[in-house]
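The values are calculated or read from the model by the stated rules, or taken from the named source; none is laboratory data. Quantities reported herein were computed from a predicted structural model and do not represent experimental measurements. Positions of Cβ are backbone-derived with ideal geometry, glycine not excepted, and every protein chain shown enters the neighbour counts. Note: areas computed on protein heavy atoms with side chains; ligands, DNA, RNA excluded. Shrake-Rupley method; radii C 1.70, N 1.55, O 1.52, S 1.80 Å.
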Amino acid sequence: MTSNFGAYDSQDLWRKDRDHYVHPWTDFAVFKEQGSDIMAESEGIYVYDAEGRQFIDGIGGLWCVNIGYGRDEMAEAIADQVRRIPYYSTFTHLSTPPAAELAAKLAELAPGPLNRVFYGTGGSMANDTAVRIAQYYFNRLGKPTKKQVISRIDAYHGSTYLTASITGVMFDRIGFDVIEDMIHHVSAPNCYRRPADMSLEAFCDHLVQEFEDKILEIGPDNVACFFAEPIMGAGGVIVAPPGYHRRMLEVCRRYDVLFISDEVVTGFGRLGHFFASEPVFDIVPDMITSAKGITSGYLPLSATLLSDRIYEVISVPQAEGALFTHGFTYSGHPVACAAALKNIEIMEREDICGHVREVGPYFEQQLASLSDLPLVGEVRGSHFMMCIENVADKETKETFDPAIKIGGRIAQQAQERGLIVRPVGHLNVLSPPLIMTRAQIDATVDILRQSMVAAADELVREGLWRG
Ligand SMILES: Cc1ncc(COP(=O)(O)O)c(C=O)c1O
């Protein structure tokens, strides 16, 4: 990396950012006082702020910088494509080499019948597209009443009007409007929070039954699709009980409901496979949505992968000359597609999925060693998608008062020690670049332990917790 730190006027940047940039997902009360930490440079698993401080990036940008930072090959592939043709429309009968090559590559990587790709620029757009296509598909089949969408409490599917409504983190709806009459939520498959006397098997039975009951209540003729992240990410890295996805898919099949697997986070290696649905969860869904790791975050791109069956139905014009009227100026952007192709090439050449399958269990095991701390209720997740649930009482699983901001306190302590972790309410989430080595995992877990101890001591000192 050629460091450029002298070039940054960090105070000036901080002020401009605070005074003019409306940040996404922000607590403005804190932001107006503290502004942003401006990250200016990067290399490998590290990011550097504008003053040159180094941090282990425990969150991979935002679950996305899978191949790590500072890859010259990515810069070259992007620059090369910009020189060739930086943009061209893909509407109607136009395309570009990277858009075509990538579509074929994604079809090769995805489970069997998912051979068709629709491009967007982010996960929300991929999911929005999936709903529009599900409804369009049933319209084309002469089943225009099949419109309703079933999602889950604590699911995260995006921030457009439609995907924010499908999202099931109810706390995030405060003050915003959502679509009420088309979207339904069933329970999250949260094993840690299941009733105390319920076995995992009984919990799974209960969830599957609840889902079937919900379809029957709405009416199978009215339900278009079910949305599910293989492991719920932003809602708290919730890992469903064994067999859950397979059984939910069976229910979908029984009632002709499309299963949409949101792999925006789980895809591109985070669980050790390009797509986790089939190899990890034993399901071949009707659609898979993907974004983030598809380019390792180097450029914005998303893909909605469709089964051949869906494509055959939606690709028949509704009337002589009628179009499939869905698409975005930047659908199939050639530079983003070129970045995705290079990202996939690097992942294959370095066997990054194999690395995750090998080192992921070590990451899980090292993080699990934090369970001896009095505030750790559960360490959960899989491979490079992990979370620590902090609780006030291990026995009763009682959470801390949200005003204490335990997740934020730990994240703050970690940042002071050179590690970025993400606070999500009372949780701390880790989703580092997938190239992390065992030694780097040790360093991460060491800092995390010190940070959690420091945050716990702080609470005791402030009289907010007995410890
Ligand atoms: C599972 C999942 N789906 C969809 C999205 C939305 O993606 P984007 O922020 O790129 O629109 C996210 C973002 O974190 C996500 O985690």
Given C-alpha coordinates of the stretch 254-302, what is the ratio Rg to Rh with the Kirkwood estimate of Rh?
1.04
Extent along principal axes [Cα atoms of the stretch 265-417; Å; largest to smallest]
67, 37, 34
Difference of contour (0.36 nm per residue) and Cα-Cα distance, Phe171 to Tyr88
25.8 nm
Looking at the chain only, what percent of DSSP beta bridges run antiparallel? Nearest 5 please.
70 percent
Percent of alpha-carbon pairs separated by more than 22 Å within the stretch 157-240
34 percent
Can you pull the semi-axes for the stretch 227-270, root of five times each eigenvalue of the Cα gyration tensor, sorted largest first, whole Å?
20, 12, 9
How far apart, in nm, are two points set 7 Å out from the Cα along the Cα-to-Cβ line at Tyr192 and at Arg254?
3.1 nm
Relative contact order of the chain, please, whole-number percent, based on alpha carbon pairs below 8 angstrom and at least 6 residues apart.
20 percent
Ignoring ligands, DNA and RNA, what percent of the 1.4 Å accessible area of the stretch 289-432 is carbon and sulfur?
51 percent
Using a 1.4 Å probe on the protein heavy atoms, what percent of the accessible area of the stretch 161-217 belongs to carbon and sulfur?
56 percent
Going down the list Lys147/Lys214; Lys214/Lys397; Lys32/Lys292; Lys105/Lys146; Lys292/Lys342, which pairs span over 20 Å between their C-alpha atoms?
Lys214/Lys397; Lys32/Lys292; Lys105/Lys146
Using Cα centres only, tell me the gap between the stretch 280-315 and the stretch 184-225 in whole Å.
25 Å
Starting from the Kirkwood radius over alpha-carbon pairs of the chain, derive D by Stokes-Einstein at 37 °C in a medium of 0.692 mPa s and give it in µm² s⁻¹.
141 µm²/s
Compute from the Cα atoms of the stretch 57-203 the Rg and the Dmax, the latter being the longest Cα-Cα distance, and quote both in angstrom.
20.1, 63
Unit charges at the beta carbon, dipole of the chain: most positive-side option, Gly52, Asn4, Leu141
Leu141
So for the stretch 338-388, Kirkwood radius off the Cα pairs, Stokes-Einstein at 25 °C and 0.890 mPa s: how many µm² s⁻¹?
196 µm²/s
Overall dimensions of the stretch 369-467 by Cα: Rg and Dmax, Å:
12.9, 41
Return one whole number: the accessible area per residue of the stretch 114-193 in Å², for a 1.4 Å probe.
41 Å²
Projected onto their principal axes, the Cα atoms of the stretch 414-467 stretch, largest extent first, over whole-Å spans of 41, 21, 17
Cβ-based net charge around Tyr311, under 14 Å, with every Lys or Arg adding one and every Asp or Glu removing one:
0
Which GluC sites (Glu not before Pro) in the stretch 398-467 sit in a loop by DSSP (not H, G, I, E or B) and have at most 13 other Cβ atoms within 10 Å of their own Cβ?
Glu462
For q = 0.16 Å⁻¹, what log10 I(q)/I(0) does the stretch 1-121 give under the Debye formula with an equal point scatterer on each alpha carbon and no solvent?
-1.04
Length gained if Gln318 through Lys143 is fully extended, taking 0.36 nm per residue and subtracting the Cα-Cα distance, is 61.6 nm
Rounded to the nearest percent, how much of the accessible area of the stretch 20-117 (1.4 Å probe, protein heavy atoms only) is carbon and sulfur?
55 percent
Tell me the label-point distance for the pair Glu348, His206, using the 7 Å Cα-to-Cβ offset, in nm and rounded to one decimal.
4.5 nm
The stretch 1-59: radius of gyration and largest Cα-Cα distance (Dmax), Å
12.5, 36
